[in-house]
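Q: One structure follows; several queries about it will come next.
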Amino acid sequence: MKTIFTKLAFLALIVFSVTGCSDDDKLPDVKVSAVNALYAPEDDLLVRLEGKGSVFFEWEAAKSEDNGVVLYDVLFDTAEGDFSNPVYVTTSEGKGFQNTLTLSYEDLTAIAAMAGIEADATGKLKWTVHSSRGLDIVESDVSRTIELERPEEVYIPEQLFLTGTATEGGEDLAAATGLKKTGTATYEIYAALNSGSYQFTDAKTGTPNTYFIEGDKLEENGTATFDGEEGVYRIKLDLNDNSVEVARVEKMELWFAPFGEFLFELPYAGNGSWLAVDEMIEFKQEDWGRDERYKFRMTLVQDGNTLEEWYGSVNNDNSRPDSNTPASYWYMVSVTDDRWNNCFKFAEAVDMHTVNVEVIFNAEVTDYTHEVTVTD
């Protein structure tokens, strides 16, 4: 979701774009022209905000007196508004430098709600574009209308759990495994499945709402039967359109960049975690010192296709961790298969010792993470 500004915050952003730069980098106050034409979407376009989709906005580029860059802000207001107190303001693409903007249906639904357009109703918004360079904001004399139809409000649970005879927790609802909420209406779980029944619930007590997978869709009020290959599965649910993605996890491996090879597999340990026990780690001796860089690869099978997904550090390069290193150092994000980039580094104490390495992809952690513990 794009950041929602009040008018005050909008003005503060423009000030920051100037004062937040050094004297050499800041944009000087240069006269710019107004935006005189709006190209897309067409005026009075009707958009039904259902499922996944987006709307593309484009306008005529403004000009500056020195032929330099121009910043743009897109304003949305009610049909009766005059943009003096817009309901939503955002910068254009390219951090405000491009004369385009793409808003998802989710973004537009939020804007519609701010403008007072209720669920299962249709209403109109006006939009325009302001240009600027430095502190001076140039308002446009042109605007267009977009009509937004909000579908009936869909119940989005704050939490979901996996339960049933086919699951790790069995049919005891109290032992159901939580899904990780990855967005406003998206959820994910890594869990072992075997023959039996399973369903998703929005509570672990009482009489919760239930959901089940039928084909590639999530349906309400029912139970599914799992009769596929037993194993560990990643299940992704999107309640925006009730879509489902299921992939079987074949293996999780530790990649050791200095040798350019995988040192070992991590067996699945339950509850969305993989654990390798008492594995020897020996750094590689280089002319400049000992190299200890590593990351992980997960291999999955989805719809008969083999997928390889790499997980590593949010940082392109790292220092060795120590006792003062924050927990966020070990957070794992999706990265490329580049041999060296986005690798973690083992702590100095790991070299020439056995370790336990645990990867944790479940709802109990704030972010997917891993732990390395010296065991000898």
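Q: Somewhere in the stretch 220-241, is a residue without any contact (Cβ under 8 Å) to a residue 60 or more places away in the chain, within 23 Å of the chain's Cα centre (by Cα) and farther than 22 Å from Gly304 by Cα?
A: No: the stretch 220-241 contains no residue that is without any contact (Cβ under 8 Å) to a residue 60 or more places away in the chain, within 23 Å of the chain's Cα centre (by Cα) and farther than 22 Å from Gly304 by Cα.
Q: I'm trying to understand the selection: among the residues of the stretch 39-60, which are charged (D, E, K, R) and either part of a strand (DSSP E or B) or within 24 Å of the chain's Cα centre (by Cα) (or both)? Before the answer, list the steps.
A: Pass one, the stretch 39-60, residues charged (D, E, K, R): 42-44, 48, 50, 52, 58, 60.
Within the stretch 39-60, Arg48, Glu50, Lys52, Glu58 qualify.
Q: Could you please let me know if Gly123 is assigned to a strand (DSSP E or B), in contact with a helix residue (DSSP H, G or I) (Cβ under 9 Å, 6 or more places away or on another chain) and of a type outside the set (Phe, Trp, Tyr)?
A: On the way: assigned to a strand (DSSP E or B): yes; in contact with a helix residue (DSSP H, G or I) (Cβ under 9 Å, 6 or more places away or on another chain): yes; of a type outside the set (Phe, Trp, Tyr): yes.
Here the answer is yes, as Gly123 does meet what is asked.
Q: Does the stretch 279-321 hold any residues that are within 19 Å of Val335 (Cα to Cα), open to solvent by 40 Å² or more (accessible area, probe 1.4 Å) and of a type outside the set (Gly, Ala, Ser), and which are they?
A: Listed by number, the residues that qualify are Arg293, Thr306, Leu307, Glu308, Glu309, Val314, Asn315, Asn316, Asp317.
Q: Which of the residues spanning the stretch 164-191 are part of a strand (DSSP E or B) and open to solvent by 30 Å² or more (accessible area, probe 1.4 Å)? Explain how you work it out, then say what you get.
A: As a first pass, look at the stretch 164-191 and keep what is part of a strand (DSSP E or B): 177-178, 180-181, 186-191.
Of everything in the stretch 164-191, those that are part of a strand (DSSP E or B) and open to solvent by 30 Å² or more (accessible area, probe 1.4 Å) turn out to be Lys180, Lys181, Thr186.
Q: Right, next: Does Arg234 meet the test of being open to solvent by less than 50 Å² (accessible area, probe 1.4 Å), among the basic types (Lys, Arg) and farther than 30 Å from Val74 by Cβ?
A: Values: open to solvent by less than 50 Å² (accessible area, probe 1.4 Å): yes; among the basic types (Lys, Arg): yes; farther than 30 Å from Val74 by Cβ: yes.
Criteria met by Arg234.
Q: Name the residues in the stretch 301-331 that are of a type in the set (A, V, I, L, M) and not in a strand (DSSP E or B), would you?
A: Taking the stretch 301-331 and keeping what is of a type in the set (A, V, I, L, M), we get 301, 307, 314, 327.
Residues satisfying the conditions are Val314, Ala327.
Q: I would also like to ask the following. What tally of residues in the stretch 78-90 results from selecting those that are closer than 17 Å to Ala34 by Cβ and surrounded by 20 or more Cβ atoms within 10 Å (Cβ to Cβ)? Give the derivation first.
A: Step one: of the stretch 78-90, the residues closer than 17 Å to Ala34 by Cβ are 82-84, 86, 89.
Within this subset, residues satisfying the condition of being surrounded by 20 or more Cβ atoms within 10 Å (Cβ to Cβ) are 86, 89.
The total comes to 2.
The values are calculated or read from the model by the stated rules, or taken from the named source; none is laboratory data. Note that the structure is a prediction, hence the values are computed from the model and not measured. When we count neighbours, we look across all protein chains shown, and the Cβ atoms used for this are built from the backbone with ideal geometry, even at glycine. Ligands, DNA and RNA are excluded from the accessible area calculation, which covers all protein heavy atoms including side chains. Shrake-Rupley method; radii C 1.70, N 1.55, O 1.52, S 1.80 Å.
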